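The values are calculated or read from the model by the stated rules, or taken from the named source; none is laboratory data. From a predicted model like this one, the values you see are computed outputs, not experimental measurements. Because the Cβ atoms are built from the backbone with ideal geometry, glycine has one as well, and the counts that use them run over all protein chains shown.
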Amino acid sequence: MSLAELICPAGTPAALRTAVDAGADAVYCGFQDATNARNFPGLNFTPDELAEAVAYAHARGTKLLLALNTYPPAGKVDLWRQAADTGARLGVDSFIVADMGVADYIARTYPGIRLHLSVQAAASSPEAIRYYCENFGVKRVVLPRILTIPEIRQIRREIPCEIETFIFGNHGLMVEGRCSLTNYLTGQSTNMDGVCSPASDVEYVRDADGSMSSQLAGFTIDRFGPEEKTGYPTICKGRYAAPHRPEGYYAFEEPISLNLSRLLPDLIEAGVHAFKIEGRQRSKSYVRGVVRAFRAAVDDIKAGREANIADLIALTEGQKQTQGAFETKKWR
Amino acid sequence: MTPTSESTVRLRPGEGAIARLACLVLQPALTRVVRRVAARHPSLFARLGPHQTTDFLIDPVELPFALHLRPDPQALVFRAVPRESAPQAGATIRGRFLLLLELIDAEQDGDAAFFSRDLEVSGDTEAVVRLRNALDDMDGSLAEEASAMFGAPGRAVLARLRRAYPDATKPREYA
Ligand code: SF4
């Protein structure tokens, strides 16, 4: 059986302590800059906070993974190198990277620290994954959310590293590391600046009838009726009118979250080593609720019991959930 | 800041007077609470960044007044304001009172409350996100901390509030 480690998000030191206390095997977090893909205002860690976080996690047997999972634009790579230097000095257990240059720097400078390949690298074939393993010593790949469980099982047989899959949280388009939708409207890049739909460009407008419009950089990307559930203001989840659908429809993806709680036994059987929970931008309440639920479920499965999986629908985007491509390629 | 136009606020008879009285009675307590929180959680201000000087309007829908917060460490403002003379805020956060309290205390998730439409935000979204993240990084319960400042009567008021709004305090499905 695989280790079935639970990899949990933390956007603040308090969230990190919450994740550790709720039973995380490892917590992932990032610095307050463009070196990670949740570069949101008021979120993330200063180096001093990270030092305390490492101490807190290690004292309780939890690993700390540092996300350096964005792509340095030309001439700005120093910021990523400095972040790696700081992380190494503070004793993080692994770096989560997407860019080959960053992977190469860490592999040469800190060969003793594990490298995990971020979902942002979008490595989905055995050939691509092996390339990262052979050239940078990558120990684990976080798979893009485009693969079915039989495909994951097949990949596992053909690669020399561990596999991590997302099991819960935000479910964006299946073009991780390559999406430029935000860039198109706001000029900021998800992949290089670390932020999709920057809050400074988002506005919610309440209409007289109780409807609400979400706008990004002045463009309305959705309008919700008074009773309708909402989602994140991301372009991929906007509702658009087209000549063939003048009433407006979700052209790419709808507000919905991934929830693979029912597929955990199959994923373990397929050889997945680690389960990732998305949501560094979410609250301690979310972290506590989701980590506890999955801790209990994984422990039940490991002990040979049937998992009693808590209902997490209240925490999902749009209060809807899916098993996405893990269940069927027909998803979207 | 300019007052909100009267036409946008509908008052029930006598509500204006009650609101003004409630604001007057509450003000000393609010000032004590916000000073204490600022002193005990200084890291809160760093997460607010440039929005330390933003005017936030926290609008508990079922109460007759709103709360005006300007989290400027040099000149903290936290005051109850009758809704009809509420300032034009940089950012507004609207929801049931106990939900707002539970969001601050991390008993509820802000995104989930937003998705379900229990929470409404308008104005400067970055300011709201920063405030949310700053408050979420505080350990412990702000409600307990604040009520404890006023001894047994304070704790009794909090317990009574929670009884009065059982819905908001009931653990959600995920708890
Ligand atoms: S627009 Fe959607 S797919 Fe693109 S980065 Fe944002 S969340 Fe991901």
Evaluate the stretch A:162-182: report whether one residue or more is part of a helix (DSSP H, G or I), surrounded by fewer than 21 Cβ atoms within 10 Å (Cβ to Cβ) and within 16 Å of the ligand (Cβ to nearest atom).
-> yes
Taking into account only those residues within the stretch B:83-96 that are at pLDDT 90 or above and surrounded by fewer than 21 Cβ atoms within 10 Å (Cβ to Cβ), which is farthest from residue B:129 (Cα to Cα)?
-> B:96
Just checking, how many residues over the stretch A:25-39 are touching a residue at least 60 places away in the same chain (Cβ under 8 Å) and crowded, with 24+ Cβ neighbours inside 10 Å?
-> 6
With respect to the numbered conditions (1) modelled with pLDDT of 95 or more; (2) away from every other protein chain (no Cβ under 14 Å), which one is the sole condition not fulfilled by residue A:258?
-> (1)
If we keep only residues of the stretch A:183-200 that are near the ligand (Cβ under 10 Å from one of its atoms) and more than 14 Å from every other protein chain (Cβ to nearest Cβ), then the residue farthest from residue B:121 (Cα to Cα) is A:191
In the set A:206, A:245, A:178, A:223, which member is more than 21 Å from residue A:145 (Cβ to Cβ) and more than 14 Å from chain B (Cβ to nearest Cβ)?
-> A:245
Scanning the stretch A:211-226 for residues that are crowded, with 16+ Cβ neighbours inside 10 Å and outside any loop (DSSP other than H, G, I, E, B), the one farthest from the ligand (Cβ to nearest atom) turns out to be A:212
Given the residues A:306, A:254, A:247, which is the only one that is assigned to a strand (DSSP E or B) and charged (D, E, K, R)?
-> A:247
Pairs, first at the interface with another protein chain (Cβ under 7 Å from one of its Cβ atoms) in the stretch A:312-328, second part of a helix (DSSP H, G or I) and among the hydroxyl-bearing types (Ser, Thr, Tyr), C-beta under 7 Å, six or more apart = A:315/A:286
Could you pull out the residue among A:305, A:282, A:288 that is within 13 Å of chain B (Cβ to nearest Cβ) and over 12 Å from residue A:168 (Cβ atoms)?
-> A:288
Taking the stretch A:81-97 and keeping only residues that are assigned to a loop (DSSP other than H, G, I, E, B) and in contact with a strand residue (DSSP E or B) (Cβ under 6 Å, 6 or more places away or on another chain), one is left with A:92, A:93
Set B:90, B:49: member being on the phi > 0 side of the Ramachandran plot and not charged (D, E, K, R) = B:49
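Going by the structure shown, is residue A:74 without any contact (Cβ under 8 Å) to a residue 24 or more places away in the chain and among the aliphatic types (A, V, I, L, M)?
yes
For every residue, the table says whether it meets (1) out of contact with any helix residue (DSSP H, G or I) (no Cβ under 7 Å at 6 or more places or on another chain); (2) more than 10 Å from chain A (Cβ to nearest Cβ); (3) not β-branched (Val, Ile, Thr).
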| residue | (1), (2), (3) |
| --- | --- |
| B:29 | yes, yes, yes |
| B:47 | no, no, yes |
| B:51 | no, no, yes |
| B:54 | no, yes, no |
| B:76 | no, yes, yes |
| B:131 | no, no, yes |
Members of the stretch B:99-143 found to be touching a residue at least 40 places away in the same chain (Cβ under 8 Å), of a type in the set (Asp, Glu) and farther than 16 Å from residue A:288 by Cβ, listed by number | B:124, B:126
Considering the stretch A:273-311, residues that are of a type in the set (S, T, N, Q) and touching a residue at least 24 places away in the same chain (Cβ under 8 Å), and then whichever is nearest to residue A:233 (Cα to Cα), we arrive at A:281
Test each condition in (1) in contact (Cβ under 8 Å) with a residue 60 or more places away in the chain; (2) away from the ligand (no atom under 16 Å from the Cβ); (3) away from every other protein chain (no Cβ under 14 Å); (4) outside any helix (DSSP H, G or I) for residue A:229 and report the one that comes out false.
-> (3)
Do we find that residue A:271 is within 14 Å of another protein chain (Cβ to nearest Cβ) and either closer than 30 Å to residue A:72 by Cβ or away from the ligand (no atom under 16 Å from the Cβ) (or both) in this structure?
-> no
Can we say residue A:134 is assigned by TED's automatic domain parsing to the domain that holds residue A:311, surrounded by fewer than 19 Cβ atoms within 10 Å (Cβ to Cβ), without any contact (Cβ under 8 Å) to a residue 12 or more places away in the chain and over 30 Å from residue A:331 (Cβ atoms)?
-> yes
Would you check if residue A:202 is modelled with pLDDT of 95 or more, surrounded by 22 or more Cβ atoms within 10 Å (Cβ to Cβ) and in the same structural domain as residue A:267 (by TED's automatic domain parsing)?
-> no
